[in-house]
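Once you've had a glance at the structure underneath, I'll fire off some questions.
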Amino acid sequence: PNTPGAGWQIGDYYSGGGSGHVPAGAVITPLAGIRHRASLGPDSVQVTSLSGGSSDKADAANLALAREADVSIVVCATTCGESEDRKSLSLDGGCDALVSAVGRVAKKTIVLVQAPGAFLTPWRGEVEAIAVMFLGGQETGGAWADVLFGDTPPSGRLPIELPSSEAETILPNPQPSVPYTEGLATSYRNTQRRPAFAFGHGLSTTTFEFG
C-alpha cells in the first residue's frame with residue numbers, strides 16, 4: 001500500500017501524520033521486500049502479484065491468482081492525521097471485502113496490516129493468519145519478509161485491543177470535542193466487552209532468555 005502525495009499532516013501507511021510524520025527518502029514496500037527475499041532462495045518460491053483495483057476484471061484476476069497460489073498474502077492498511085479522528089475503524093480501499101473474497105477461494109490466506117491504531121477484522125474467521133506491524137517506517141517491506149520467511153520469527157504482543165465492532169469502543173468522531181464516557185474502564189479493564197483480539201494477544205515462535 002502507498003499514499004502518493006500525502007502531506008505531513010495526513011501521513012502515509014509507513015509513518016503517521018502530523019508532528020510525528022517522518023518522510024522517507026525511499027520506502028521498501030511489502031511487495032518489494034517479499035520479492036527480494038524470495039529471490040535469495042529457495043528457487044521454489046515464486047511471487048506473483050496483482051493490485052486490488054475496483055473493477056470486476058481486476059477482482060476476478062485477483063481471485064484467479066488466489067485459487068492457484070499455495071499462499072495468498074493480502075496487505076491492508078489505514079493511516080491517520082493530526083487533530084481529528086479517522087473516519088472509521090475500517091481498513092482503507094475496500095480491503096475488508098477483498099480479504100473475505102480471497103479467503104473464500106485461497107488455499108491459505110495471510111493478512112498483513114499496517115495501521116496507526118485499532119482497526120476492525122470482520123474477516124478474522126476466514127483467514128489462516130494475521131500479522132500487524134502498525135507503522136514500520138521505510139524498512140517495512142524487509143521486516144515483513146523477515147517474518148514471513150522465518151528469518152526473524154514473530155515475538156510481539158498487541159499493545160492495544162482490537163475491538164470486535166465499532167460499538168465495542170468509542171466511535172470515531174469528526175467533532176472537535178469527543179466525550180470519553182468509559183472513564184477508567186478501557187481495554188482490558190472493561191469486563192463487559194468481548195474484543196476480537198485482547199490487549200497482549202500474540203504469537204511467539206522465537207526463542208529468548210532473561211539475564
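For the range 82-103, what are the residues that are over 19 Å from the mean Cα position of the chain (by Cα) and either modelled with pLDDT of 90 or more or of a type outside the set (D, E) (or both)?
S83
Results for (1) under 17 Å from I34 (Cα atoms); (2) at pLDDT 95 or above; (3) of a type outside the set (S, T, N, Q); (4) open to solvent by 50 Å² or more (accessible area, probe 1.4 Å), shown as yes or no for each residue.
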residue	(1), (2), (3), (4)
C80	no, no, yes, no
V113	yes, yes, yes, no
P116	no, no, yes, no
L120	no, yes, yes, no
E126	no, yes, yes, yes
F134	no, no, yes, no
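Just one of (1) buried (at least 16 other Cβ atoms within 10 Å of the Cβ); (2) free of Cβ contacts under 8 Å to residues at least 60 places away in the same chain; (3) more than 16 Å from F134 (Cα to Cα) trips up P42, so point out which.
For P42, the failing item is (1).
Related question: Does T109 count as modelled with pLDDT of 95 or more, more than 13 Å from the chain's Cα centre (by Cα) and buried (at least 21 other Cβ atoms within 10 Å of the Cβ)?
Considered against the rule, which asks whether it is modelled with pLDDT of 95 or more, more than 13 Å from the chain's Cα centre (by Cα) and buried (at least 21 other Cβ atoms within 10 Å of the Cβ), T109 comes out as yes.
Hey, can you tell me all the residues within the range 168-211 that are within 30 Å of G150 (Cα to Cα), modelled with pLDDT of 85 or more and out of contact with any strand residue (DSSP E or B) (no Cβ under 7 Å at 6 or more places or on another chain)?
A198, F199, G200, H201, G202, G211
Is there a residue being at pLDDT 90 or above and open to solvent by 50 Å² or more (accessible area, probe 1.4 Å) anywhere in the range 47-64?
Checked the range 47-64: at least one residue is at pLDDT 90 or above and open to solvent by 50 Å² or more (accessible area, probe 1.4 Å).
Cβ contacts < 7 Å: first residue over 23 Å from I28 (Cα atoms), restricted to the range 63-79; second residue of a type in the set (S, T, N, Q) and part of a strand (DSSP E or B), any location; separation 6+ or different chain. Result?
Filtered contacts from the range 63-79: A66/S72.
Under 8 Å by Cβ, and 6 or more places apart or on different chains, what pairs join a residue from the range 169-192 that is closer than 19 Å to S88 by Cα with one that is open to solvent by 100 Å² or more (accessible area, probe 1.4 Å) and of a type in the set (S, T, N, Q)?
I170/T181
Let me ask another. Counting only residues that are on the phi > 0 side of the Ramachandran plot and free of Cβ contacts under 8 Å to residues at least 60 places away in the same chain, how many does the range 118-157 have?
Counting residues in the range 118-157 that are on the phi > 0 side of the Ramachandran plot and free of Cβ contacts under 8 Å to residues at least 60 places away in the same chain gives 2.
The values are calculated or read from the model by the stated rules, or taken from the named source; none is laboratory data. From a predicted model like this one, the values you see are computed outputs, not experimental measurements. Glycine gets a Cβ as well: all are built from the backbone with ideal geometry, and neighbour counts include every protein chain shown. To get the accessible areas, we keep the full protein, side chains included, count just its heavy atoms, and leave off ligands, DNA and RNA. Shrake-Rupley method; radii C 1.70, N 1.55, O 1.52, S 1.80 Å.
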